[in-house]
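This report refers to the structure that appears directly beneath it.
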Amino acid sequence: MYFLSDNQKEHEERAAKKEEKYMKLEDIIYEIFQKHAFGISFREWNAGGKIDWNMRYEGFEVSLHLDEPTGFIVGGNRYNCLTWMDKMGSSEKASNKGIPGTPRY
């Protein structure tokens, strides 16, 4: 999938027009580093039950930034998994519904 825009609505409109965006790998990597260095803050596209019916509202809010002294990208909150490696809690009985098993924030 080619991301034609960071804005979901704009991306979908461009995709419907069959617009294409081609980038060199080095430009993609540079853009990723640049966006992380300046900070990223967004609400996940299609947030809600389509993505995860166990996640709380706050879990769909993503905010990351560069910690200059360490060079690490940091952020997140206690309600989002932040990476594909995490599992969202789903048990009301265990009181972990909507709370990641291994939060990364």
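Rule-based calculations on the coordinates, nothing more; no lab input. Worth saying up front: this structure is predicted, and the values here are computed from it rather than measured. Note that each Cβ is placed from the backbone with ideal geometry, even for glycine, and that neighbours are counted across all protein chains shown.
Here are the numbers for the structure shown:
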read-out	value
LEU66, sole failed condition from (1) out of contact with any helix residue (DSSP H, G or I) (no Cβ under 6 Å at 6 or more places or on another chain); (2) of a type outside the set (S, T, N, Q); (3) surrounded by 13 or more Cβ atoms within 10 Å (Cβ to Cβ)	(1)
Enumeration of residues in the range 14-45 that are part of a loop (DSSP other than H, G, I, E, B), surrounded by 10 or more Cβ atoms within 10 Å (Cβ to Cβ) and not charged (D, E, K, R)	MET23, GLY39, TRP45
Odd one out for GLY76 among (1) in contact with a Phe, Trp or Tyr (Cβ under 8 Å, 6 or more places away or on another chain); (2) surrounded by fewer than 15 Cβ atoms within 10 Å (Cβ to Cβ)	(2)
Test: GLY101 is surrounded by fewer than 12 Cβ atoms within 10 Å (Cβ to Cβ) and over 14 Å from the mean Cα position of the chain (by Cα)	yes
